[in-house]
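Undergrad: Please read through the structure below; I'll follow up with questions.
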Amino acid sequence: LSALCGVALGGALSLRRGLDQEYAPAVTVGVVTAVVDGDTVRVKGPEERDLGRIRLLGVNAPEFAHDDISAQCWSKQAHTRLAELTPIGSSVRLVLDPTQADRDAYGRLLRYVLIDDVDVQHLLLAEGQARAFWPKRLGLHAGSYLETARQAEHDQRGLWAACPNRKDTP
């Protein structure tokens, strides 16, 4: 497991450096105020401005029960892991992908989320907490995210091992 984390963190750190160099002007720093589910957080930005819900770009985690729909396999675990990675009060960097829409159909900001120099999405994919997902077209990091997700599936990590009925996961 520690080797997996080292590999995932190494990849995430190299991705972070690339994000910093290419998109420094499109970065907003904020503080996590809530973890909504396995792929959404609430963030307060500069000057205590509520940025609202932030949808982690490039991933899709299993959904909690809502609107007469049952919870999907691994939804609690994905939420718990995101809460561990982005605890309330922690500082995050939100990075815009210029190839993607600013917001999704639910009004959430779509951003890459970095905390303590780690690409949170990359780590979630490496651990099998979520699947790679792009709302309309592939984003700038689709190649690395898709490869990371394929490796997690191959290695049967997280939801890939626990959810044999893939119909109830994203």
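The values are calculated or read from the model by the stated rules, or taken from the named source; none is laboratory data. As the structure is a computational prediction, the values presented were derived from the model and not from experiment. Methodologically, a virtual Cβ is constructed for each residue, glycine included, from the backbone with ideal geometry; neighbour enumeration extends over all protein chains shown. Protein only, heavy atoms only, side chains kept; ligands, DNA and RNA dropped before computing areas. Shrake-Rupley method; radii C 1.70, N 1.55, O 1.52, S 1.80 Å.
Undergrad: Count charges around Val32 for me, please; just the other residues with Cβ under 10 Å from its Cβ, Lys/Arg as +1, Asp/Glu as -1. Show your work: numbers first, answer last.
TA: On the way: positive: Arg42, Lys44; negative: none.
Here the charged neighbours net out to +2.
Undergrad: I would also like to ask the following. Checking a compactness column here: for the range 62-117, what do you get for Rg(Cα) / (2.2 N^0.38 Å), N being the number of residues?
TA: On the way: Rg = 13.9 Å, N = 56, 2.2 N^0.38 = 10.2 Å.
Relative to the 2.2 N^0.38 Å estimate, the range 62-117 comes out at 1.36.
Undergrad: Full extension from His66 to Arg137: what is 0.36 nm times the residue separation minus their Cα-Cα distance, to one decimal in nm?
TA: Numbers: separation 71, 0.36 × 71 = 25.56 nm, distance 2.68 nm.
Extra length from His66 to Arg137 when fully extended: 22.9 nm.
Undergrad: Using only the Cα atoms of the range 24-170, what are the Rg and Dmax in Å?
TA: Rg and Dmax of the range 24-170, Cα atoms, are 14.5, 46 Å.
Undergrad: I've got another one for you. Can you put Ser70, Ser90, Ser144 in order of accessible area, largest first, using a 1.4 Å probe?
TA: Numbers: Ser70 90, Ser90 20, Ser144 50 Å².
Ranked list, largest accessible area first: Ser70, Ser144, Ser90.
Undergrad: Largest first, how would Val41, Val31, Val118 line up by accessible area (1.4 Å probe)?
TA: On the way: Val41 0, Val31 55, Val118 20 Å².
The most accessible residue leads, giving Val31, Val118, Val41.
Undergrad: Among residues other than Ala142 whose Cβ falls under 13 Å from its Cβ, what is the net charge (Lys/Arg +1, Asp/Glu -1)?
TA: +2
Undergrad: With a Förster radius of 35 Å, plug the Cβ-Cβ distance of Gln151 and Thr99 into 1/(1 + (r/R0)^6) and report the FRET value to the nearest 0.05. Each step should come with its number before you reach the end.
TA: Details: r = 23 Å, r/R0 = 0.67.
That pair, Gln151 with Thr99, gives E of 0.90.
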